[in-house]
Amino acid sequence: MCVRPLLALGALLVGCSGPCWPAEGDPRALQLVEEIIQALGGPAFRSMRTRVQRGRLFSFESEELRGLANATIYTEFVDAPTQADPKVLYLRERQSFGKTREQWAVLFNEKGAWEITYRGARPLTEDVLERYRTSRKYDVFYILLRRLDEPGMLVQYKGRDIVDNQPAEVLEFIDAQNRAVTVAVHYSTKLPLQQSLTRRDQYGIPHVEVTTFGKYRDAGGGVQLPLVIQRYQDKQRVFALFAEEVTVNAPLKPELFELPPKIKLLENP
């Protein structure tokens, strides 16, 4: 069985008495953002350049298992310019499938997205690419890494709540396009527990996408990242990652995120 592709920041805080980034919001919201970053590793988290997740991926349809695979997900966080373009995704990703060696892969970079097999590289549809970009752009970890400096980014404190039977504080990130991500963090640890986003499909139908995070571990240098990530759409589970290992800042070769120069380019059926 195969699994579909995963569809799942400025100055450092050192020496800052207040927020070190231009995101706007009420004082409690801005303070909570700082506490979340510190819980995730502070300057070590903010300077994260690469992330490698190894484990098993599961895909679901109508709550039934539709695909599973052993996978290694390589992510490179690309440096953003001072005047970052809100439309650009400053990361590249390769999803490598196979237990001991890569049997096939899915590649996302600034040029596009492809499924790579022994036959060649086949471009992914524009719909799949757009869903991937939306998923990554509104991921809470990416927001904390690359979007807090974004012009028009607003943070609002939403109060306390109970999330998965755990005490939580809730805040909302709203970008210049007026798209909002609601994030719940554990009241004591300040680590993200859950995020929710409403997006529309190609037919304009709204869907509520909820992602949960669990089993945080030190991924290196004090950076705390989750081993378990599960995604729900309209209250039905569609994806799960159960990682055995997550590491950060491992040196990754640039060609990992590029198509081989002589690979055969395939057409979509």
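Those strands (runs of 3 or more DSSP E) of segment 172-269 in which 2 or more residues are in contact with a Leu (Cβ under 6 Å, 6 or more places away or on another chain) occupy 180-186, 206-218, 224-233, 236-248. Taking the criterion of being crowded, with 16+ Cβ neighbours inside 10 Å, at pLDDT below 95, under 20 Å from F45 (Cα atoms) and among the basic types (K, R), would at least one residue in segment 177-192 satisfy it? No, that holds for no residue.
Tally time: how many residues in segment 87-122 are under 19 Å from P261 (Cα atoms) and of a type in the set (K, R)? Going through segment 87-122 one residue at a time, the tally reaches 5.
With respect to the conditions (1) assigned to a loop (DSSP other than H, G, I, E, B); (2) within 25 Å of F242 (Cα to Cα), A80 falls short on a single one, namely (2). Would segment 58-72 turn up any residue that is under 29 Å from E169 (Cα atoms), of a type in the set (A, V, I, L, M), surrounded by 17 or more Cβ atoms within 10 Å (Cβ to Cβ) and at pLDDT 95 or above? No, segment 58-72 contains no residue that is under 29 Å from E169 (Cα atoms), of a type in the set (A, V, I, L, M), surrounded by 17 or more Cβ atoms within 10 Å (Cβ to Cβ) and at pLDDT 95 or above. A Cβ distance below 8 Å, combined with a sequence gap of six or more or placement on separate chains, defines the contacts here; from segment 162-176, residues that are surrounded by fewer than 16 Cβ atoms within 10 Å (Cβ to Cβ) reach residues that are among the basic types (K, R) and in a strand (DSSP E or B) in the pairs P167/R160.
For segment 198-210, the criterion of being under 18 Å from I73 (Cβ atoms) and basic (K, R) is met by none of the residues.
The residues listed here are L107, L57; of these, the one that is assigned to a strand (DSSP E or B), under 30 Å from K235 (Cα atoms) and in contact with a Gly (Cβ under 9 Å, 6 or more places away or on another chain) is L57.
Scanning segment 200-218 for residues that are surrounded by 13 or more Cβ atoms within 10 Å (Cβ to Cβ) and among the hydrophobic types (A, V, I, L, M, F, W, C) gives V210, F213. Scanning segment 216-233 for residues that are under 16 Å from L57 (Cβ atoms) and basic (K, R) yields one hit, R231. The set of residues from segment 164-198 being in contact with a Phe, Trp or Tyr (Cβ under 8 Å, 6 or more places away or on another chain) and basic (K, R) comprises just one member, R179. Once segment 23-46 is narrowed to residues that are at pLDDT below 95 and not in a helix (DSSP H, G or I), the residue that is farthest from T75 (Cα to Cα) is D26. Does L225 satisfy the condition of being surrounded by 18 or more Cβ atoms within 10 Å (Cβ to Cβ) and in contact with a Phe, Trp or Tyr (Cβ under 6 Å, 6 or more places away or on another chain)? Here the answer is no, as L225 does not meet what is asked. Of all residues in segment 32-53, those that are under 23 Å from T182 (Cβ atoms) and basic (K, R) have Cβ atoms under 7 Å from Cβ atoms of residues that are part of a loop (DSSP other than H, G, I, E, B) and at pLDDT below 95, 6 or more apart or on another chain, in R46/L9; R46/L12.
Quick one: in segment 71-111, of everything that is within 19 Å of the chain's Cα centre (by Cα) and among the aromatic types (F, W, Y), which residue is nearest to R51 (Cα to Cα)? Looking at residues that are within 19 Å of the chain's Cα centre (by Cα) and among the aromatic types (F, W, Y), I get Y74. Among all residues of segment 109-124, there is none that is within 21 Å of Q195 (Cα to Cα), in contact with a helix residue (DSSP H, G or I) (Cβ under 8 Å, 6 or more places away or on another chain) and buried (at least 17 other Cβ atoms within 10 Å of the Cβ).
The values are calculated or read from the model by the stated rules, or taken from the named source; none is laboratory data. These numbers were taken from a predicted model, which means no experiment stands behind them. We place every Cβ from the backbone using ideal geometry, glycine too, and count neighbours over all the protein chains shown.
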